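The values are calculated or read from the model by the stated rules, or taken from the named source; none is laboratory data. Everything quoted here is computed from the prediction, not taken from an experiment. Heads up, the Cβs are rebuilt from the backbone with ideal geometry, glycines too, and the neighbour counts pull from every protein chain shown. The area values use the complete protein model at the heavy-atom level, side chains included, leaving out ligands, DNA and RNA. Shrake-Rupley method; radii C 1.70, N 1.55, O 1.52, S 1.80 Å.
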Amino acid sequence: MGIVAVLAVGLGLAVTVSTRGHHPGRLASGPTRLAARAGITRIKHVVVVMQENRSFDSYFGTYPGADGYPRNADGSIAVCVPSPARGGCLGPYHDARDVNGGGPHGHRDAVADVNGGAMDGFLVQAEKARLGGGCSDPNDPECLTASERDVMGYHDDREIPNYWAYARNFVLQDHMFQPNSSWSLPAHLFTVSLWSAVCDDDDPDSCTNSVGHPGDPPDFNTAQHPGDRPPTYAWTDLTYLLHRAHVSWRYYVAKGDEPDCANDALITCPRVAQSASTPGIWNPLPYFTTVRDDNQLKNIVSVHHFLTAAQDGTLPAVSWVIPSEAVSEHPRSQVSAGQSYVTGLVNAVMSGPDWKSTAIFLTWDDWGGFYDHVAPPTVDENGYGLRVPGIVISPYARQGYVDHQVLSFDAYAKFIEDRFLRGQRLDPTNDGRPDPRPGVRENAAQLGDLLSDFDFSRPPRPPLLLSVHPKTDLVGPDVSSN
């Protein structure tokens, strides 16, 4: 299968209320907690793999044991969402298409989709987007790239067998929420800094909260805003703390073409041109004053450096791995291409010397307008947003475990801080670089602890190498299997 990469750019959403039916499932107290805290030192490499625009229900709504679609007594899905275009309502349906459209997913769409906890605004927003012109720019969070019915489709192990295999053999998180109620740029800002803001200048005090409209990089909507200057992100991010503590990190970005490789390890095959000059919406770090001031721009590199580091056993302590559009699963890229790409990344780590000391956190940056039935809890004026899939892959991850804790990408930062920074938070009162962020997100009362997903009392498990091109029931252009 040819993987053709294009300039990337993805978008998202999220919002309010409380989760249904699951107790937090936090880490036990006493000896169990102490053992887990001690065991965390076995993790020497954290890898955050960020894909694009899928809700939890759209990928795992039918996964056994997870908080998936509500069911009727006869086992049928008990969901029907009002459809203004068709009249009546539409329910979720099995979708075998390799290319999906998704729905509008800006901040106002997140609020409308959640609709005060009713979770019934998805088709209404899709219809509004259709009447507004469909989609002139597939990277616009307000666009609709298919029919409004498309947002109700779901995949299962017939289409995404590798993702389901990771869930069965490691940890699936069924209450992972996007940290903010908005699109991709704010989601990626939260991933590296736990905040989204607009800044007047390089002074952190000049920044003000902005859940949906932080400064746009020039690569976004260039036609509408020619000559726009790059934004300034002056607030404090994780790389500032990592650099100060001499903790190694890299931000790996695939721009343009990606490896096209039938080799399961995705290491020893020809690959097309890559570049460290990356898109801005999925890669906001170059615009952080901390990264520039600390001379850390060199740490933002192409994905092929990740593959080499995994093969050589030279992974940094912290890695973020960002796709190109063609392998991102962002509508309208192929699901099969994204699954192949992610499998190659995971296989590369599993095949290398660092597997025995690595934790891979796989997630999707926002819900992409796809239906989800769980209302997000309110943390602050920024989120949480809607549910997205979350998977933990590690030799110490619990096997076949479904984690029901309330989580967001803030939990990744919390885990990194606990492991490498002695628990230092992005806290303006004590991190040495104060900014006016609303609060300390890592300490939110609702936020679970990723240590619950690990069992350090057992020896590390062997790798689970999967085919980069698994057999699937996907239908659409360029679908192949081996």
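Odds and ends about this structure:
- Checked against the criterion of being of a type outside the set (Asp, Glu), within 21 Å of the chain's Cα centre (by Cα) and at pLDDT 95 or above, the stretch 433-442 contains one or more residues that satisfy it.
- Flag if Ser467 is in contact (Cβ under 8 Å) with a residue 12 or more places away in the chain, out of contact with any Lys or Arg (no Cβ under 7 Å at 6 or more places or on another chain) and polar (S, T, N, Q): yes
- Residue selected from the stretch 105-126 under the condition part of a loop (DSSP other than H, G, I, E, B) and either small (Gly, Ala, Ser) or at pLDDT below 90 (or both), by the criterion nearest to Gly87 (Cα to Cα): Gly121
- Per-region count, the stretch 237-258, residues at pLDDT below 95 and within 18 Å of Leu315 (Cα to Cα): 2
- Any hit, the stretch 119-142, residues being closer than 28 Å to Gln339 by Cβ and β-branched (Val, Ile, Thr): no
- Inter-residue pairs, beta-carbon under 6 Å, first more than 18 Å from Ala78 (Cβ to Cβ) and in the stretch 113-132, second modelled with pLDDT of 95 or more and aromatic (Phe, Trp, Tyr), 6+ apart: Asp113/Phe122
- Annotation: Asn295 fulfils all but one of (1) touching a residue at least 40 places away in the same chain (Cβ under 8 Å); (2) surrounded by fewer than 24 Cβ atoms within 10 Å (Cβ to Cβ); (3) of a type outside the set (Ser, Thr, Tyr); the unmet one is (1).
- Top-ranked residue in the stretch 343-381 [being among the polar types (S, T, N, Q) and more than 26 Å from Val440 (Cβ to Cβ); ranked as most open to solvent (accessible area, probe 1.4 Å)]: Ser351
- Residue match in the stretch 64-85 (condition: in contact with a strand residue (DSSP E or B) (Cβ under 8 Å, 6 or more places away or on another chain), assigned to a helix (DSSP H, G or I) and not acidic (Asp, Glu)): no
- Residue in the stretch 413-424 that is without any contact (Cβ under 8 Å) to a residue 40 or more places away in the chain and crowded, with 20+ Cβ neighbours inside 10 Å present: yes
- The one condition in (1) under 23 Å from Ser333 (Cα atoms); (2) in a loop (DSSP other than H, G, I, E, B); (3) small (Gly, Ala, Ser) that Ala129 fails to fulfil: (2)
- Screening Ile391 on (1) open to solvent by 30 Å² or more (accessible area, probe 1.4 Å); (2) among the β-branched types (Val, Ile, Thr); (3) closer than 15 Å to Val46 by Cα shows it passes everything except condition (1).
- When residues of the stretch 231-247 are limited to those that are open to solvent by 10 Å² or more (accessible area, probe 1.4 Å) and touching a residue at least 60 places away in the same chain (Cβ under 8 Å), the one nearest to Arg292 (Cα to Cα): Tyr240
- Ala310 vs. criteria in contact with a Phe, Trp or Tyr (Cβ under 6 Å, 6 or more places away or on another chain) and of a type in the set (Gly, Ala, Ser): no
Residue by residue, here is whether (1) touching a residue at least 12 places away in the same chain (Cβ under 8 Å); (2) in contact with a Ser or Thr (Cβ under 8 Å, 6 or more places away or on another chain); (3) of a type outside the set (Val, Ile, Thr) holds:
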residue	(1), (2), (3)
Gly68	yes, yes, yes
Ala73	no, no, yes
Val81	yes, no, no
Pro92	yes, no, yes
Gly106	yes, yes, yes
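- Residue count, the stretch 277-305 (criterion: part of a helix (DSSP H, G or I) and either of a type in the set (A, V, I, L, M) or in contact with a helix residue (DSSP H, G or I) (Cβ under 7 Å, 6 or more places away or on another chain) (or both)): 6
- Residue in the stretch 458-480 that is hydrophobic (A, V, I, L, M, F, W, C), surrounded by fewer than 17 Cβ atoms within 10 Å (Cβ to Cβ) and part of a loop (DSSP other than H, G, I, E, B) present: yes
Listed here are the residues, each with its yes/no results for (1) touching a helix residue (DSSP H, G or I) at 6+ places or on another chain (Cβ under 7 Å); (2) surrounded by fewer than 14 Cβ atoms within 10 Å (Cβ to Cβ); (3) modelled with pLDDT of 95 or more.
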site	(1), (2), (3)
His23	no, yes, no
Ala36	yes, no, no
Met50	yes, no, yes
Gly61	no, no, yes
Asp67	no, no, yes
Pro70	no, yes, yes
Ala73	no, yes, yes
Gly87	no, yes, no
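- Listed by first and then second residue, the pairs linking a residue in the stretch 309-331 that is on the phi > 0 side of the Ramachandran plot and open to solvent by 10 Å² or more (accessible area, probe 1.4 Å) to a residue that is at pLDDT 95 or above and not β-branched (Val, Ile, Thr), with Cβ atoms under 7 Å apart and 6 or more places separating them unless they lie on different chains, are Gly313/Gly352; Gly313/Pro353; Gly313/Asp354.
- Count of residues meeting criterion [in contact with a Leu (Cβ under 7 Å, 6 or more places away or on another chain) and either farther than 26 Å from Pro179 by Cα or open to solvent by 50 Å² or more (accessible area, probe 1.4 Å) (or both)] in the stretch 98-108: 2
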